[in-house]
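Just so it is clear, none of the values below were taken in a lab; they were calculated from the coordinates. In this text the structure is predicted, and so the values were computed from the model without any measurement. Using ideal geometry, Cβ is built from the backbone for each residue, glycine included, and neighbour counts are taken over all protein chains shown.
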Amino acid sequence: MAANYPVSVFHFQVEWGGSRVGFTEVSGLDIEIQPIDYREGSYKSYQVTKMPGIPQFTNINLKRGILKGDDEFHQWLATIRLNQVERRDVTISLLNENHEPLMVWTVFNAWPSKVTGPGLNSTSNEVAIEEIELSHEGLTVEAIG
């Protein structure tokens, strides 16, 4: 009988509307529902009722190594003008050993809100990593299989 282990986090893919999808890290896949406190004045008890309110979504952070000639993300960033930006749906999939999606996060109407370049150091022997932050208008999570 095969053991049933939790899924590892290191095998994933990001589809963001560009041709290169090689990100090294993804974070910010958070959904929080703000609670609303409600109490009618005629209630006999002195406690409040908790109701679900407006969902909040944190920004998505993506990290990737910088490649020579790879300018697609910066072209997307250049679409930002006052009250205008090219919005994209982004799909993040956690993959199994057969490279098939196990869980899929779909991010709606995303746009680049921050880019952090690599820390440059003349004595370092590390890969140049840039961090990309995406603002968005919603997130769904779907378990496959």
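When you take every Cα atom in segment 12-143, what is the radius of gyration, and what is Dmax, the widest Cα pair distance, in Å?
19.7, 70
Using helices alone, I'd like the mean residue ellipticity at 222 nm for the chain: each DSSP H run of four-plus residues gives -39500 (n - 2.57), total over residue count, nearest 500.
Working: 1 runs with 6 residues, N = 145.
Here the helix-only value at 222 nm equals -1000 deg cm²/dmol.
Among THR91, THR79, THR106, which one shows the biggest mean-square fluctuation in a GNM of the chain, springs joining Cα atoms closer than 10 Å?
Maximum among the listed residues: THR79.
Report the paramagnetic label zone for ILE36: residues of segment 53-69 whose backbone N is under 20 Å from a point 7 Å from Cα along the Cα-to-Cβ axis.
Output list for this probe position: 53-57.
Pop out the ³J(HN,Hα) list for segment 109-117 in order, Karplus 6.51 cos²θ - 1.76 cosθ + 1.60 with θ = phi - 60°, rounded to Hz; leave Gly and Pro as x.
6, 7, 8, x, 10, 7, 10, 10, x
Would you grab the residues whose amide H sits under 5 Å from the one on MET103? Only those 5+ places off in sequence or on another chain, please, with H modelled 1.01 Å from N.
Residues meeting the criterion, in which the H sits 1.01 Å from N, are LEU94, ILE144.
Per residue of segment 32-43, in order, report the coupling 6.51 cos²θ - 1.76 cosθ + 1.60 (Karplus, θ = phi - 60°) as ³J(HN,Hα) in whole Hz, putting x for Gly and Pro.
Whole-Hz 3J(HN,Hα) from phi for segment 32-43: 10, 9, 6, x, 10, 8, 9, 8, 7, x, 8, 4.
I'd like the FRET efficiency for THR24 and GLN47, computed as 1/(1 + (r/R0)^6) with the beta carbon distance as r and R0 of 41 Å, rounded to 0.05. Write down the numbers at each step before the final one.
On the way: r = 47 Å, r/R0 = 1.15.
Result of the calculation: an efficiency of 0.30.
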